[in-house]
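Since every read-out is calculated from the coordinates, none of them should be taken as a lab result. All values reported here derive from a predicted model rather than from experimental measurement. When we count neighbours, we look across all protein chains shown, and the Cβ atoms used for this are built from the backbone with ideal geometry, even at glycine.
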Amino acid sequence: MSDATEASGTAETAGAAGSGGPADGGVTGRHVRVVLVDDHRMFRTGVQAEIGRTTETGVEVVGEAADVDQAVTVITATRPEVVLLDVHLPGGGGVEVLRRCAALMADAEQPVRFLALSVSDAAEDVIGVIRGGARGYVTKTITGTDLVDSIFRVQEGDAVFSPRLAGFVLDAFASTDAPPVDEDLDRLTQREREVLRLIARGYAYKEIAKQLFISVKTVESHVSAVLRKLQLSNRHELTRWATARRLV
C-alpha cells in the first residue's frame, strides 16, 4: 500500500470516527487526537506504536500523512487537537503545511495546534516553523513519555521546545526587530536546503539519495532547482555560497 493510499484511507476512517465525539481518555483521564506527518512510514509506525496506546497514554492517532498535500487533506478531514509535524516534507516542507492550515490554527473554538518533531536542530528550521505558527519544536531523540507530555502541553496552549533549542529561539525573538531574513535562502524549499547542505559537505548524489530516502534523479532535480534559484553555475559555487552563510 502506498503512503498516499494509506493516508487517504486513514483520513476517511478517522473522520468518521471523529464525528461521533472524542473517545474515552486513557488511564490519566486525558485525551488528545493527533495526526502524524512524516515522510518516513517506518518512523510513523514507530511513533504510533510508542504513543498511540490510547488506553495508556490518552493519545489517539487519528490520521497519518507523508507529504504536504496529504497532510492538509488529513488534517482538514480529522480536525485533530495536535499535529506532529516533520520539518522536511515533499511538497514544500512543514512551513507549507502551516501556511495552508493557517485558518485551522486560528479557529477560536477548535484550534489545530502544531508540534514540530524533526531530526533537524538547525536554527533556520526551528525559527521557520515557529514563524509559521507551530507551538513547539522537539527533536526525534525525545523519549516516548516526554513526547506524550509535550503533546498534551501543546494541546493546552503551552509552547514546548527541546532544551537545547529553547535558547536560540529566545535569542531570535528577544529583540523587537525581526530576525534577519535571507531572501535567497527563503527561495528554497526545506528539501532543497537539505540537499544543499549535503552537497556543500561533499556528499555524492548517490550518498544523498540514500540518506534522504529519495532517488538519484530526484537529487539531481533538487540540485538543478537550487542552482537555478540561486543563480549559480555548479556545485563548487554552491559550496562556497553555503559556506559563506555557515550552512555547512
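Does the stretch 40-83 come out rounded, prolate or oblate by the C-alpha gyration tensor, with a ≥ b ≥ c the root eigenvalues, rounded set by a/c under 1.5 and, if not, prolate when a/b is larger than b/c and oblate if not?
oblate
Give the distance, in whole Å, between the Cα centre of the stretch 55-73 and the Cα centre of the stretch 137-169.
When both Cα centres are located, 17 Å separates them.
Among Arg131, Arg33, which comes first, second and so on when ranked by fewest other beta-carbon atoms within 10 Å?
In increasing order of surrounding Cβ atoms, one gets Arg131, Arg33.
Which shape class applies to the stretch 45-111: rounded if a/c is under 1.5, otherwise prolate when a/b exceeds b/c and oblate if not, where a ≥ b ≥ c are the square roots of the Cα gyration tensor eigenvalues?
Since a/c reaches 1.5 but b/c is at least a/b, the shape of the stretch 45-111 is classed as oblate.
Can you put His236, His222, His88 in order of Cβ neighbours within 10 angstrom, beginning with the fewest?
His236, His88, His222
What's the magnitude of the charge dipole for the stretch 46-117 around its Cα centre, counting Lys and Arg as +1 and Asp and Glu as -1 at the beta-carbon? Answer in Debye, nearest 20.
The calculation lands at about 140 debye.
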